[in-house]
Amino acid sequence: RTEHSRIFLMIRRPPRSTRKESSAASDVYKRQILKTGKKNNISLYSPVIYNNNILGFISELGISSSRVTALTDISTKIPAFIPNKDVKVILSGNNSNYLEITNYIEIASIKEGDKVFSSGDGNMYPAGLFIGIIKVKSDGNVIVEPGKKLNSLSFVQIIDWAPEKRGIDINVDPIFYD
């Protein structure tokens, strides 16, 4: 409960709920269309969650709709940590139902059932959101099973995570970005 309160204080206002419109899952991408967009003050790259579980991020933004890319999409990378283990990892989607750990050094400290949370590094996601649970495959490889899967939900929440809301002041030179 304390962690939940800290996250909402950090993002300054509760996430915006929205309904999913459709799915587009292929061998390469795992994405869904949401019925909310610019007219609802949604920002590009805003985290998409459900009850403090990270599902993905807004990857495309239209006037009245947006596209969310799932955590398990091959293009997704997530800085994460395992509490009480002092272990930080980078998780990577691979278009399966699981996430791969791409950079662990000391695997002996990671055990099946350990919980994995966003670290906040890289400023893509707030720190402390639940990602999933460590699983050990029969071949000994360690993977993360997401806590919630985007395609299993009808409604999701979007965190208002625009750079200016996070205190990031980016001045873009229009000459290079028109």
S92 being part of a strand (DSSP E or B), at pLDDT 80 or above and among the small types (G, A, S):
yes
Tally of residues being surrounded by 17 or more Cβ atoms within 10 Å (Cβ to Cβ) and either small (G, A, S) or not in a strand (DSSP E or B) (or both) across the stretch 125-138:
6
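Scanning the stretch 153-178 for residues that are modelled with pLDDT under 80 and under 17 Å from the mean Cα position of the chain (by Cα), which turns out farthest from T36 (Cα to Cα)?
R166
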Scan the stretch 81-97 for residues that are open to solvent by less than 30 Å² (accessible area, probe 1.4 Å) and among the hydroxyl-bearing types (S, T, Y) and jot them down.
S92
Note on the stretch 134-147: residues at pLDDT below 90 and within 16 Å of the chain's Cα centre (by Cα) are none
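Results for (1) in contact (Cβ under 8 Å) with a residue 12 or more places away in the chain; (2) assigned to a strand (DSSP E or B), shown as yes or no for each residue.
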residue: Q32; (1), (2): yes, yes
residue: I54; (1), (2): yes, yes
residue: F57; (1), (2): yes, yes
residue: I63; (1), (2): yes, no
residue: R67; (1), (2): yes, yes
residue: D73; (1), (2): yes, no
residue: F81; (1), (2): yes, yes
residue: N84; (1), (2): no, no
residue: K88; (1), (2): yes, yes
I'm trying to understand the selection: among the residues of the stretch 65-80, which are open to solvent by less than 60 Å² (accessible area, probe 1.4 Å) and not charged (D, E, K, R)?
S65, S66, V68, T69, A70, L71, T72, T76, I78, P79, A80
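The values are calculated or read from the model by the stated rules, or taken from the named source; none is laboratory data. Quantities reported herein were computed from a predicted structural model and do not represent experimental measurements. FYI the Cβ positions are ideal-geometry reconstructions off the backbone, even for glycines, and counts take in every protein chain you see. Accessible surface is based on the protein model in full, side chains and every heavy atom, while ligands, DNA and RNA are left aside. Shrake-Rupley method; radii C 1.70, N 1.55, O 1.52, S 1.80 Å.
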